Amino acid sequence: MTAFPLESELRLAVKACDHFAWVPMGLSAWLHRVSDALTDENTRYPFLAYGTDWLAFAHLVLAVVFVGAWRDPVRNRWVLTFGLIACAGVLPLAFIAGPVRGIPFYWRLIDSSFGVFGAMVLWPAYRASGALERDAPRS
């Protein structure tokens, strides 16, 4: 849902970076640049933000899919498989598309962490659903 109020969230992030001295200069400069670009884009071309509205909607829809794995992890194990594949896909996207789009290396590491941490959550759930399937009585 954070893609809906993107401009105001970035403004808060920039203020936080300006307030805390421990924030690396490169990160602060990058957030300022992104915030300025997004503000300019929303002022001149507000229809482009419609794309991030759909991105936020897709995140909500995908979250609903994972409810199935939570409710019935054996029958919906495919959701966990799907999630692990998506997590693995984050890495090539970040490291192939990132340089093409001019994304700094440290930000690509941050983006990649979503795939890594997501897999760290999903892998134990995937293994546990397999154990539940093996232990389930056969009919």
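Where a number appears in this text, it was derived from the coordinates with a stated rule and is not lab data. All figures in this text were calculated on a predicted structure; none of them were measured in a lab. Positions of Cβ are generated from backbone atoms using ideal geometry, with glycine treated the same way; all protein chains shown enter the neighbour counts.
With r defined as the distance between the Cβ atoms of residue 127 and residue 36 and R0 fixed at 41 Å, what FRET efficiency is calculated, to the nearest 0.05?
On the way: r = 45 Å, r/R0 = 1.10.
Once the sixth-power term is evaluated, E becomes 0.35.
Suppose only helical runs count, i.e. DSSP H with n ≥ 4. What mean residue ellipticity at 222 nm does that imply for the chain under -39500 (n - 2.57) per run, divided by all residues and rounded to the nearest 500 deg cm²/dmol? The partial results should precede the final answer.
Numbers: 6 runs with 108 residues, N = 139.
After summing the helix terms and dividing by residue count, I get -26500 deg cm²/dmol.
Do any trypsin sites (Lys or Arg not before Pro) in the stretch 19-113 lie in a loop, going by DSSP, with at most 16 other beta-carbon atoms within 10 Å of their beta carbon, and if so which?
Working: sites: 33, 44, 71, 75, 77, 101, 108; in loops: 75.
For trypsin sites (Lys or Arg not before Pro) across the stretch 19-113 that sit outside H, G, I, E and B with at most 16 neighbouring Cβ atoms in 10 Å, the list reads 75.
When a/c is below 1.5 the answer is rounded, else prolate if a/b is larger than b/c, else oblate, so apply that to the stretch 48-139 with a ≥ b ≥ c taken from the square roots of the Cα gyration tensor eigenvalues. Please report the intermediate quantities before stating the final value.
On the way: a/c = 3.79, a/b = 1.89, b/c = 2.01.
Oblate, since a/c reaches 1.5 and b/c is not below a/b.
Pull out the extension gain between residue 96 and residue 20, defined as 0.36 nm times the separation in residues minus the alpha carbon to alpha carbon distance; nm, one decimal. Please list the in-between numbers first.
On the way: separation 76, 0.36 × 76 = 27.36 nm, distance 3.18 nm.
So the extension gain works out to 24.2 nm.
Percent relative contact order of the stretch 1-64, based on C-alpha pairs within less than 8 angstrom and at least six residues apart?
Values: 30 pairs, mean separation 31.3, N = 64.
In percent, rounded to a whole number, it is 49.
Pop a pseudo-label 7 angstrom from the Cα along the beta-carbon direction at both residue 86 and residue 63 and give the gap in nm to one decimal.
The two pseudo-label positions are separated by 1.2 nm.
Relative contact order for the chain: what is it in percent, counting Cα pairs under 8 Å that are at least 6 residues apart? Before the final figure, lay out the partial values.
Details: 85 pairs, mean separation 29.2, N = 139.
Relative contact order of the chain: 21 percent.
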